[in-house]
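Here's the structure, in structure tokens; my notes come after.
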Amino acid sequence: MNAALRYWMFQLPGFAGAGGALYLAVGFEWIGTWTALGGLGAWFLKDLLLYPFLKSSYAPATEIRDRYVGRAAVATEPLAPDGYVRIGRELWRARLVDPAQTAPAGAELEVAEREGLLLRVRPPQSASSESQV
């Protein structure tokens, strides 16, 4: 299920609840029909305007997990084979794919996979192929 469908499915109960409350308010003559329709329109518009900011939260877990694979990371401390890396402004716990390897602080690495809150990293593929030439 894509992010947009998940988002709107989660918004549906709130929209239905607001619609029901406005229906009762019109029935008891607390507000007018046009006011109720305007309120329901405002509720829908709120959800529509918030979607661009929240869509990544509704993305399937596989999309979130794969978002880090292949990205560049920089070791903030020596990895032997565990330590911490920085990706952009985020600090992640990391482990080298090959436990026999080490990486000094400041080494540029590449994310090979993600296991929960642990990133498995390796030297960049282009760097390892250049060193073999």
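The values are calculated or read from the model by the stated rules, or taken from the named source; none is laboratory data. Values in this document were obtained by computation on a predicted structure and should not be read as measured data. No Cβ is skipped: glycine too gets one built from the backbone with ideal geometry, and neighbour counts run over all protein chains shown. Ligands, DNA and RNA are excluded from the accessible area calculation, which covers all protein heavy atoms including side chains. Shrake-Rupley method; radii C 1.70, N 1.55, O 1.52, S 1.80 Å.
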- Please state which of the following conditions residue 73 fails to meet, knowing it meets all the rest: (1) in a strand (DSSP E or B); (2) surrounded by fewer than 16 Cβ atoms within 10 Å (Cβ to Cβ). (2)
- Item | Filtered residues of region 1-49 (kept if of a type outside the set (A, V, I, L, M, F, W, C), part of a helix (DSSP H, G or I) and open to solvent by less than 70 Å² (accessible area, probe 1.4 Å)) | 7, 11, 14, 17, 19, 20, 27, 38, 39, 41, 47
- Task: Taking only region 1-43 into account, find how many residues are more than 28 Å from residue 55 (Cα to Cα) and of a type in the set (D, E, K, R).
- Result: 1
- Item | region 121-133, subset of a type outside the set (S, T, N, Q) and open to solvent by 70 Å² or more (accessible area, probe 1.4 Å), residue modelled with the highest pLDDT | 122
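To keep it simple, each residue is scored yes or no on (1) exposed (fewer than 15 other Cβ atoms within 10 Å of the Cβ); (2) outside any strand (DSSP E or B).
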{"site": "77", "(1), (2)": "yes, yes"}
{"site": "86", "(1), (2)": "yes, no"}
{"site": "91", "(1), (2)": "yes, no"}
{"site": "94", "(1), (2)": "no, no"}
{"site": "100", "(1), (2)": "yes, yes"}
{"site": "105", "(1), (2)": "yes, yes"}
{"site": "109", "(1), (2)": "no, no"}
{"site": "112", "(1), (2)": "no, no"}
{"site": "119", "(1), (2)": "no, no"}
